[in-house]
Amino acid sequence: MAQLDRFLSVMVANGADSIHLTEREVATLQKDGAPRPITKQPLTAQQLLLLLREIAPPDAAQQMAAGAPANFLYANTDGQFAVAASHADGRWHASIGLGGGPAAAAAQSEAPEMDVVTAAPAQNGAPGHVAPAAPPPNIGSPNGAGHSGHAVHIDDSAPAAPPAAARRESRPVAAQTAEERAANALAMMDGLLRVLVEKKASDLHLRCGETPLMRIDGEIVRLEGYDTIENDLMEAMLRAIMPGRSRQEYADTNDTDFAYELEGLARFRCNALRERRGAAGVFRVIPTEVVTVEKLGIPAELQQLCHLNKGLVLVTGPTGSGKSTTLCALIDLVNRVRKDHVITIEDPIEFVHRNKQCMITQRQVGQHTTSFKSALRAALREDPDIILVGELRDLETVSIAIETAETGHLVFGTLHTSTAASTVDRVIDQFSADRQEQIRVMLSESLKAVIAQTLCAKIGGGRVAAREVLLSVPAISNLIREGKTFQIPSVIQTSRRLGMITLTDALVELVDAKVVEPREAYAKALDKTSIVMQLKNHGHDVSFAEAPEGGGAASAKAAPGAPAARPAAPQRAAARK
């Protein structure tokens with residue numbers, strides 16, 4: 001893939017007329033007569049010529065090497081482009097427009113005889129028809145220096161074309177230009193994301209050969225009135241909102257994560273992938289407005305965690321359980337009541353925090369850093385007070401997080417575990433047997449809280465989090481140190497006065513408050529027998545959980561994952577005989 005292809009993709013996706021490259025100036029898109037910058041640093045002559053030489057035919061490359069003007073056509077998957085390069089006033093200039101567009105017409109009037117170059121298949125990341133002369137400095141780096149790689153970075157924050165400008169009279173797909181197809185794909189994508197927000201859904205699912213689907217109140221719902229999406233259109237819709245780095249990752253690995261924002265509406269966490277039937281995408285809504293602890297109903301005991309000077313706080317739960325939203329609310333509280341430096345490491349950045357009382361530094365894995373562990377290690381040299389790690393993915397990241405929490409920093413992190421006790425076990429089990437004793441001691445001192453949550457459908461619509469809460473007290477620290485984590489649920493159950501609560505008790509509280517149906521609480525509970533007993537004791541109907549024979553909640557009709565019923569006493573005695 002030629003490096004200029006990334007510029008051309010941005011031009012097509014934004015419905016621009018042309019791209020202008022001028023030595024010692026930033027690269028710009030020309031749209032409706034107005035320039036829009038797409039690089040952060042001015043181009044050097046070496047960078048500009050390298051971009052052109054990668055796509056130029058041999059004759060045009062020789063003309064540029066001699067300082068003479070060169071005009072040629074270049075074709076790639078986004079369409080055909082007319083390129084006009086010249087050297088005047090001591091600087092190189094280049095104009096690139098879609099074939100058949102105004103820029104192309106101007107270029108053709110200057111040079112009717114134009115060579116046509118087609119993008120060759122990439123090998124090792126470089127186009128097949130020409131070898132770059134010399135690696136340019138990284139345009140995205142300070143002063144355009146400091147890197148020796150070939151990458152020329154576009155400013156991914158360049159604004160996308162507004163949907164209104166992209167809507168045009170529909171024409172048969174075969175008759176549309178590449179510019180029109182890209183604009184229509186962007187308008188369709190933006191329109192679906194707006195519907196996603198309007199319907200208060202959490203996720204949008206797009207698949208080839210299917211109409212769009214959305215997750216509303218936890219259930220997948222098919223949208224009415226939409227046609228099925230074919231692969232070519234799906235690819236165009238995904239490319240229309242992808243930043244440049246994600247396009248390359250998607251081409252190389254067939255999946256990529258990125259964030260997209262509709263100004264004033266919402267941000268979206270996006271995943272693009274290829275599956276059996278073709279391209280696909282999943283898009284999760286991230287509200288533009290930061291959620292507060294008051295709106296989420298986070299209790300005072302958990303709010304006090306934001307005032308800690310050091311320690312490890314883990315928010316856990318399955319995918320889609322609201323972990324990011326809970327962490328967002330806690331960081332927002334920190335931002336309002338403390339005067340500290342907060343570093344967040346995410347993949348991708350979801351909620352955007354504006355500086356209030358704190359200074360917030362937000363880094364995205366893959367864009368601003370290579371991995372969670374490298375960013376976390378680097379954060380220790382960036383004068384942090386509080387660090388948020390979006391996901392404790394591997395052993396080294398967990399190890400650094402524990403060490404960081406021990407050395408006077410407050411660390412927030414997430415894990416995909418269901419209960420507080422299993423969270424402690426998961427952390428310890430990641431280490432080799434010879435290190436586990438040491439990690440137990442470190443964790444017993446640094447772990448301040450575990451918040452294990454799951455989302456339940458509310459009566460009347462919407463969802464609410466049921467949270468199991470473990471807080472650091474001497475009894476919990478002793479159990480972790482001694483390896484008796486199986487006793488943690490008992491300590492949580494007997495420490496409600498301190499703010500701890502089991503998941504079962506949290507679910508029963510929601511049912512008592514008429515926020516959640518008993519059936520929903522039963523479905524989300526891990527200890528089925530216990531929740532049925534508690535719901536019965538509180539006067540709720542649990543007939544849905546009992547077998548027709550009256551065999552109880554743990555009978556054959558119990559939900560998957562419920563503990564198996566123990567045989568009756570005479571049966572157990574017979575079995576022993």
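The values are calculated or read from the model by the stated rules, or taken from the named source; none is laboratory data. In this text the structure is predicted, and so the values were computed from the model without any measurement. Don't worry about glycine lacking a Cβ; one is built from the backbone with ideal geometry, like all the others, and counts go over all protein chains shown.
Looking only at region 201-252, filter to residues that are among the hydroxyl-bearing types (Ser, Thr, Tyr) and closer than 14 Å to residue 273 by Cβ; which one of those is modelled with the lowest pLDDT?
246
Restricting the first residue to region 352-380 and requiring it to be not assigned by TED's automatic domain parsing to the domain that holds residue 405, which pairs with a second residue that is of a type in the set (A, V, I, L, M, F, W, C) meet a Cβ separation below 7 Å and a spacing of at least six or different chains?
Close Cβ pairs (under 7 Å, with a partner that is of a type in the set (A, V, I, L, M, F, W, C)) do not exist here.
Residues in region 243-256: is at least one in contact with a Phe, Trp or Tyr (Cβ under 6 Å, 6 or more places away or on another chain), of a type outside the set (Asp, Glu), buried (at least 18 other Cβ atoms within 10 Å of the Cβ) and free of Cβ contacts under 8 Å to residues at least 24 places away in the same chain?
Yes, region 243-256 contains a residue that is in contact with a Phe, Trp or Tyr (Cβ under 6 Å, 6 or more places away or on another chain), of a type outside the set (Asp, Glu), buried (at least 18 other Cβ atoms within 10 Å of the Cβ) and free of Cβ contacts under 8 Å to residues at least 24 places away in the same chain.
So that you can scan it fast, the table gives a plain yes or no per residue for (1) in a loop (DSSP other than H, G, I, E, B); (2) on the phi < 0 side of the Ramachandran plot; (3) aliphatic (A, V, I, L, M):
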position: 289; (1), (2), (3): yes, yes, no
position: 304; (1), (2), (3): no, yes, no
position: 318; (1), (2), (3): yes, yes, no
position: 328; (1), (2), (3): no, yes, no
position: 331; (1), (2), (3): no, yes, yes
position: 334; (1), (2), (3): no, yes, yes
position: 348; (1), (2), (3): yes, yes, no
position: 351; (1), (2), (3): yes, yes, no
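Consider region 419-443. How many of its residues are among the small types (Gly, Ala, Ser), more than 24 Å from residue 303 (Cβ to Cβ) and either buried (at least 17 other Cβ atoms within 10 Å of the Cβ) or under 27 Å from the mean Cα position of the chain (by Cα) (or both)? Walk me through how you get there before you give the answer.
So the first thing to find is which residues in region 419-443 are among the small types (Gly, Ala, Ser), and the list is 420-422, 432-433.
In the following step, the residues that additionally are more than 24 Å from residue 303 (Cβ to Cβ) were identified as 422, 432-433.
Those still in the list that are either buried (at least 17 other Cβ atoms within 10 Å of the Cβ) or under 27 Å from the mean Cα position of the chain (by Cα) (or both) too: 422.
The qualifying residues number 1.
Of all residues being surrounded by fewer than 19 Cβ atoms within 10 Å (Cβ to Cβ) and more than 18 Å from the chain's Cα centre (by Cα) in region 395-416, which is nearest to residue 309 (Cα to Cα)? Just the residue, please.
First, pick out the residues of region 395-416 that are surrounded by fewer than 19 Cβ atoms within 10 Å (Cβ to Cβ): 395-396, 403, 406-408, 416.
Keeping just the survivors that are more than 18 Å from the chain's Cα centre (by Cα) gives 395-396, 403, 406-408.
On the way: 395: 24, 396: 23, 403: 14, 406: 11, 407: 10, 408: 7 Å.
Only one residue tops the list, namely 408.
Residues in region 266-276 that are under 15 Å from residue 203 (Cα atoms), surrounded by fewer than 20 Cβ atoms within 10 Å (Cβ to Cβ) and touching a residue at least 40 places away in the same chain (Cβ under 8 Å): how many?
Result for region 266-276: 1.
Provide a single number: the residues in region 490-515 that are charged (D, E, K, R) and either touching a helix residue (DSSP H, G or I) at 6+ places or on another chain (Cβ under 6 Å) or not in a helix (DSSP H, G or I) (or both).
1
Filter region 384-417 down to residues that are under 25 Å from residue 353 (Cα atoms) and assigned to a loop (DSSP other than H, G, I, E, B), then give me how many there are.
Selection size over region 384-417: 9.
For residues that are touching a strand residue (DSSP E or B) at 6+ places or on another chain (Cβ under 7 Å) and either surrounded by fewer than 15 Cβ atoms within 10 Å (Cβ to Cβ) or among the β-branched types (Val, Ile, Thr) (or both), tally how many sit in region 292-317.
Going through region 292-317 one residue at a time, the tally reaches 5.
Consider region 21-40. How many of its residues are assigned to a loop (DSSP other than H, G, I, E, B) and either crowded, with 22+ Cβ neighbours inside 10 Å or among the acidic types (Asp, Glu) (or both)?
So the answer is 4.
Every residue, every condition in (1) buried (at least 22 other Cβ atoms within 10 Å of the Cβ); (2) in contact with a Lys or Arg (Cβ under 7 Å, 6 or more places away or on another chain); (3) of a type in the set (Ser, Thr, Tyr), yes or no:
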| residue | (1), (2), (3) |
| --- | --- |
| 2 | yes, no, no |
| 19 | yes, no, no |
| 57 | no, no, no |
| 77 | no, no, yes |
| 90 | no, no, no |
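Of a type in the set (Ser, Thr, Tyr), more than 17 Å from the chain's Cα centre (by Cα) and crowded, with 18+ Cβ neighbours inside 10 Å, is that true of residue 374? Full working, then the answer.
Details: of a type in the set (Ser, Thr, Tyr): yes; more than 17 Å from the chain's Cα centre (by Cα): yes; crowded, with 18+ Cβ neighbours inside 10 Å: no.
Judged against the criteria, residue 374 is not a match.
Could you tell me whether any residue of region 257-275 is within 18 Å of residue 6 (Cα to Cα), among the charged types (D, E, K, R) and part of a helix (DSSP H, G or I)?
No, region 257-275 has no match at all.
Within region 491-523, take every residue that is over 30 Å from residue 474 (Cα atoms) and not aliphatic (A, V, I, L, M) and give me the one that is nearest to the chain's Cα centre (by Cα). Let's see the steps before the verdict.
So the first thing to find is which residues in region 491-523 are over 30 Å from residue 474 (Cα atoms), and the list is 511-523.
Applying the additional criterion that residues be not aliphatic (A, V, I, L, M) yields 512, 514, 517-520, 522.
Details: 512: 36, 514: 34, 517: 32, 518: 33, 519: 32, 520: 29, 522: 31 Å.
That would be 520.
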